[in-house]
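Heads up, the thing below is written out as structure tokens.
The values are calculated or read from the model by the stated rules, or taken from the named source; none is laboratory data. Computed from a predicted model, the values in this text were never measured in an experiment. For neighbour counting, all protein chains shown are included, and Cβ atoms are generated from backbone atoms with ideal geometry for every residue, glycine included.
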Amino acid sequence: MVKSTETINAEMIERKKSAVKKARRQSVYKANEIVQTKRFELSTLEQKIVAYMVSLIDGEQKELEHVDASITDLCILMGINSNSGKNIETLKSTIRKLANKSEWAKIERNGERCETLVRWIEKPTFYYKSGIVRLKLDEDLKPYLIGLMNRYTRYDLENILAMKSKYGIRLFELCKSWEGRGYFETTLENLRELFAVEGYAEWYEFKRNVLDVSVSEINRLTDINIFWKTKKTGRNISKIAFTVQTKSGFNQVKDLQSTRGKLLDRHLDDEAQQLSFDFEAANDPQTEDFHDTYADALPLTETEKHAVSRMFGEIAEKKAN
């Protein structure tokens, strides 16, 4: 029996869709040292690309290796808008900027401690016929990503994919590194340095544009809740104290139901309805990318999709046990 074009396209999209969903659930591992002490200035999209590459590192790897990523899948995973038709150019521009950025890092070479400029990625290459982009993390990042025995930060990639604030992603990683302890303190100056904050010299500006935005995104979109308060020496703010609490997928759904309850309740019984595709777009030979074909059938926010995804994952895990 010959399959129809519509059936073939549907199967192809299902495979692609499965790959994207799998990528969202990959885990990121970084040494606490790079999370807690290293200053770097990356955009939101640049941080997501680095996190994605780190999530592909196998625990048994001894060296950093090239990563071949589907250009289309990477655009979708990163949330790059395809409606303008410039998704590949946006991805190329972001990767170029990322490849050109570097930071000073202390490393050990030939038994001697030294300081060197470390880039994030090496010689990215786009293969258009194959539809892939080849990326490799800079070799000098190896001590922070390979062979981590302890003192590392771990989180699921999907936590940051819906975030819009570059400071939010940075604060999320910092808080995840202290999640086991549940509490940490840092100075305002240290946060400015770690997050590479320029401007917002006044406390109220920093609070409004960095802290408040970051905390709001973290508490809405990720698997932790954070709370903070200032400590003063005299009239000046000397420290900021953070409390970090782990939350489950079920609790996330419960929180979201208070604002979008009716919308969620209509669809929670059918996990298969979470994702759909557009046959017309899939059959259009002029369609350069298939962002629309991955559009969620449910009219949910990214927050709700994330929460529902975590909830079904926890249900599956309980059934397996």
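Might you let me know whether segment 256-278 holds any residue that is crowded, with 16+ Cβ neighbours inside 10 Å, assigned to a strand (DSSP E or B) and at pLDDT below 65? There is at least one residue in segment 256-278 that is crowded, with 16+ Cβ neighbours inside 10 Å, assigned to a strand (DSSP E or B) and at pLDDT below 65.
If you go through segment 196-216 and keep only what is over 20 Å from the mean Cα position of the chain (by Cα), modelled with pLDDT of 90 or more and on the phi > 0 side of the Ramachandran plot, you end up with just Tyr200.
Is one or more of the residues making up segment 88-99 modelled with pLDDT under 85, assigned by TED's automatic domain parsing to the domain that holds Ser27 and among the acidic types (Asp, Glu)? Give the steps one after another, and end with the answer.
Here is the first cut: in segment 88-99, the residues modelled with pLDDT under 85 are none.
Taking every residue of segment 88-99 in turn, none turns out to be modelled with pLDDT under 85, assigned by TED's automatic domain parsing to the domain that holds Ser27 and among the acidic types (Asp, Glu).
Going through (1) free of Cβ contacts under 8 Å to residues at least 40 places away in the same chain; (2) in a loop (DSSP other than H, G, I, E, B); (3) in contact with a helix residue (DSSP H, G or I) (Cβ under 8 Å, 6 or more places away or on another chain); (4) hydrophobic (A, V, I, L, M, F, W, C) one by one, Met163 falls short only on (1). Which one of the conditions (1) more than 22 Å from the chain's Cα centre (by Cα); (2) within 25 Å of Glu33 (Cβ to Cβ) does Trp120 fail to meet, given that it meets all the rest? So Trp120 meets the others, but not (1). Being crowded, with 17+ Cβ neighbours inside 10 Å, out of contact with any Pro (no Cβ under 8 Å at 6 or more places or on another chain), β-branched (Val, Ile, Thr) and closer than 30 Å to Ser248 by Cα is a condition met by at least one residue of segment 148-160. Scoring Thr44 on the criteria (1) closer than 19 Å to Thr125 by Cβ; (2) in contact (Cβ under 8 Å) with a residue 40 or more places away in the chain leaves a single failure, condition (1).
Taking the criterion of being within 20 Å of Phe40 (Cα to Cα), modelled with pLDDT of 90 or more and not in a strand (DSSP E or B), would at least one residue in segment 126-135 satisfy it? No, segment 126-135 contains no residue that is within 20 Å of Phe40 (Cα to Cα), modelled with pLDDT of 90 or more and not in a strand (DSSP E or B).
Taken over segment 188-237, the residue count meeting the criterion of being touching a strand residue (DSSP E or B) at 6+ places or on another chain (Cβ under 8 Å), farther than 19 Å from Trp178 by Cβ and assigned to a strand (DSSP E or B) is 2.
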